[in-house]
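Q: To start, I am sharing the structure in question, which I have written as structure tokens.
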Amino acid sequence: MKHALRIPANTDHSEMTRAAIDALPAWQQAILRSQKDSLISRYCGYVDMAACAWPSSADSKEALPWQYVENGRQYHYWMLESRKRGAHLCQRHEVSIEDNYRFFVRGSEYFFLAIKKALRKNDVVSAAKYAGSFIHANQDPATRIHCLEDWHGLHWLALDSLFYQGNELDPVNSAVRLWLQIPRKKGLRINDYSPQLLGMSPAEAAFQLYRRHIQVMLYSRGQVLKMIDFARKNQWKQASELLQTTEKEGAKISADILFTAFCVAYNRFDANQARVLETVDISAFSPLDAPALMSAPYAFSPVARGYALTPDNQKTPLRLRIAAGRGGKIQDVTSGLATGTHILGYRLVWLLPAGVYRFFRCQAGLHPDFAVPGTNISLRVKFRGRTKWRKKYSRTDCAEEIGFAVQQGGLLELVLDDAFEAGRPIRSENSSQIVWGNLDLRK
């Protein structure tokens, strides 16, 4: 069964938006009721109308006031794109993750605040128009093509090259073209989903939203090759069902955004959800900078969340030697990150919002099961460019507890300065491993 190629229209965004609204609590649906149909059919398409319509068109003029734009860059696509008459569309995906993050957070705070101000003026129309632009940009990571953008992204032509069959100019065998032929299933629903409270202020909500944004994007990317494989085998039903699972993720993040925006605007919070936000495990958030290459067994996948790697590539619990009696006591660590080492060092970086969290604490040390003789490793923790803690570790040193205030917000950096064994750069297959444990932010 072959399908005619149709570039996806706004239908997917409309259905994700409808599903998200239907998942909201009754009090929020009642406020939005007068604008529900317009949000579904029109406002959730505003970012495309502003980006793709002719600049002087009526559609563009209608949509532009409800966008967030910095120096010509719209809160929409998560790579840099330029268009010129008579030339091809140019995309640059090698954008600094930190730059993208800062842009994302500024735009997200803008939308959360704009919706809050509109609702407090009882201007539901303006709130819905801002919301339409806001959720569309966060639905894109759940859609075809756009899920390839942002965090370590790639052009769709690069994806096509992974399926190369002997001719780079060959649309009949284009995997991406086949991907776009997968028919959408109708009737998207997430009625059993309970929207998540992302924060109790625009700054906190923006910080949490980026984590959700990356979760949706990575889930959607993870289905791409499977969808294309189903399509190549003419298994269109299975491909459609898989496509709908990604759109459900787009609906869920939309529900989270709308739910949070209404809760913030009306200062109405569920006590249990608010309590969950009191402490944050920063290891659950993708770092803005992280190493790309470490010593074995990590190599080209250099950071492990929630476990360490044995020399034969098996998962093993995070552990640290805690100071308790002679030689210390070895304890499992509840959560955290494990890495190998590298003579050039590394840093793991997060950007913390100002005025949200009061305190950061963690544990740092060597994994006792993998600390080799002669190890000499220098670790640091920095905040806002200043070193808050530093220690050199040898094989049998105990881990240390680190803690300091972070109310000002800024860059939090976990740093490996250098790593040696018996005075030489670490190169062995069974080198020492570093554990950053219980990385907690507290209000």
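Each value in this text was obtained by applying a stated rule to the coordinates, not by laboratory testing. Values in this document were obtained by computation on a predicted structure and should not be read as measured data. Ideal geometry is used to build each Cβ from the backbone, glycine not excepted, and the neighbour counts take in all protein chains shown.
Q: Could you point to the residue in 128, 311, 389 farthest towards the positive end of the chain's charge dipole, with +1 and -1 charges on the Cβ of Lys/Arg and Asp/Glu respectively?
A: Positive-most Cα among the choices belongs to 128.
Q: Over segment 303-442, what is the percentage of antiparallel beta bridges among all DSSP beta bridges, to the nearest 5?
A: Bridges in segment 303-442 are about 100 percent antiparallel.
Q: Suppose every Lys and Arg Cβ carries +1 and every Asp and Glu Cβ carries -1, with no other charges. What dipole size does segment 11-277 come out with about its Cα centre, to the nearest 20 debye?
A: Dipole of segment 11-277, to the nearest 20 debye: 540 debye.
Q: A further question on this structure: Taking θ as phi - 60°, what are the ³J(HN,Hα) couplings along segment 286-301 by the Karplus curve (6.51, -1.76, 1.60), each to the nearest whole Hz, with x for Gly and Pro?
A: With coefficients 6.51, -1.76 and 1.60, one gets 4, x, 7, 9, 7, x, 10, 8, 10, 5, 4, x, 6, 6, 7, 10 Hz.
Q: Given the options 108, 407, 243, identify the residue whose Cα lies farthest towards the positive end of the charge dipole of the chain (+1 on Cβ of Lys, Arg; -1 on Cβ of Asp, Glu).
A: Value computed over the given set: 407.
Q: About its Cα centre, how strong a charge dipole does segment 74-148 have in debye, to the nearest 20, once Lys and Arg get +1 and Asp and Glu get -1 at the Cβ?
A: The dipole magnitude comes to about 340 debye.
Q: Treat the count of other C-beta atoms within 10 Å as a stand-in for reagent exposure and order 418, 332, 312, 440 from fewest to most.
A: So the residues, fewest neighbours to most, are 312, 332, 418, 440.
Q: Count the net charge of all other residues whose Cβ sits under 10 Å from the Cβ of residue 217, scoring Lys and Arg as +1 and Asp and Glu as -1.
A: After counting each charged neighbour, the total is -2.
Q: Sequence-distant or interchain residues sharing an amide H contact under 5 Å with residue 318, placed H: which?
A: For residue 318, the qualifying residues are 308, 333.
Q: Could you give the longest part of the chain that holds none of the chymotrypsin sites (Phe, Trp or Tyr not before Pro) found in DSSP loops with at most 12 neighbouring Cβ atoms within 10 Å?
A: Counting only loop sites that pass the neighbour cut-off, the longest clear stretch is 1-163.
Q: List the aspartates and glutamates whose alpha-carbon lies under 18 Å from that of residue 248, not counting same-chain residues fewer than 8 positions away?
A: 12, 15, 22, 140, 192, 256
Q: Continuing with this model, one more query. Taking GluC sites (Glu not before Pro) as candidate sites, keep only those in a DSSP loop with at most 12 other Cβ atoms within 10 Å, then name the longest stretch of the chain containing none of them.
A: The longest such stretch corresponds to 279-428.
Q: Between residue 125 and residue 372, what is the spin-label point distance in nm, taking each point 7 Å from the Cα along the Cα→C-beta axis?
A: Between residue 125 and residue 372, the simple spin-label model gives 7.0 nm.
Q: Under a 10 Å cutoff between Cα atoms, tell me which one of 364, 30, 308 has the largest fluctuation in the Gaussian network model of the chain.
A: Among 364, 30, 308, the largest GNM mean-square fluctuation belongs to 30.
Q: Quick one: go through segment 178-219 and flag any residue whose amide nitrogen is under 16 Å from the point 7 Å out along the Cα-to-Cβ line of residue 237.
A: The answer is 183-186, whose backbone nitrogens lie closer than 16 Å to the label point.
Q: Further question: Would you please name the trypsin sites (Lys or Arg not before Pro) within segment 303-369 that are DSSP coil residues with at most 11 other C-beta atoms within 10 Å of their C-beta?
A: In loop regions of segment 303-369 (DSSP not H, G, I, E or B), the sparsely surrounded trypsin sites (Lys or Arg not before Pro) are 326, 358.
Q: Further question: Quick one: how many lysine pairs does segment 83-228 have with C-alpha atoms less than 26 Å apart and a gap of 8 or more or different chains? Give me the count, please.
A: Step by step, the pairs that qualify in segment 83-228 add up to 6.
Q: Positive end of the charge dipole of segment 11-277 (Lys, Arg +1 and Asp, Glu -1 on Cβ, about the Cα centre): tell me which of 191, 80, 175 has its Cα farthest that way.
A: Farthest along the dipole direction, towards plus: 191.
Q: Then there is this: Report the Cα centroid-to-centroid distance between segment 169-227 and segment 82-138 in angstrom, as an integer.
A: A separation of 17 Å, based on Cα centres.
Q: Order these by the 10 Å Cβ neighbour count, fewest first: 140, 229.
A: Ranked by crowding around the Cβ, least crowded first: 229, 140.
Q: Order of 200, 49 from fewest to most other C-beta atoms within 10 Å?
A: By the 10 Å Cβ count, ascending: 200, 49.
Q: Let me ask another. Near the amide H of residue 389, under 5 Å away, which other amide H atoms are found, from residues 5 or more places off or on another chain, if H is placed in the peptide plane?
A: Answer set, sorted by chain and number: 381.
Q: Could you give each residue of segment 160-168 its phi-based ³J(HN,Hα) in whole Hz, using Karplus coefficients 6.51, -1.76, 1.60 with θ = phi - 60°, and x for Gly or Pro?
A: 4, 5, 5, 10, 3, 10, x, 7, 6
Q: Between residue 69 and residue 194, what is the label-to-label distance in nm when each label sits 7 Å out along the Cα-to-Cβ direction?
A: Calculated label separation equals 4.2 nm.
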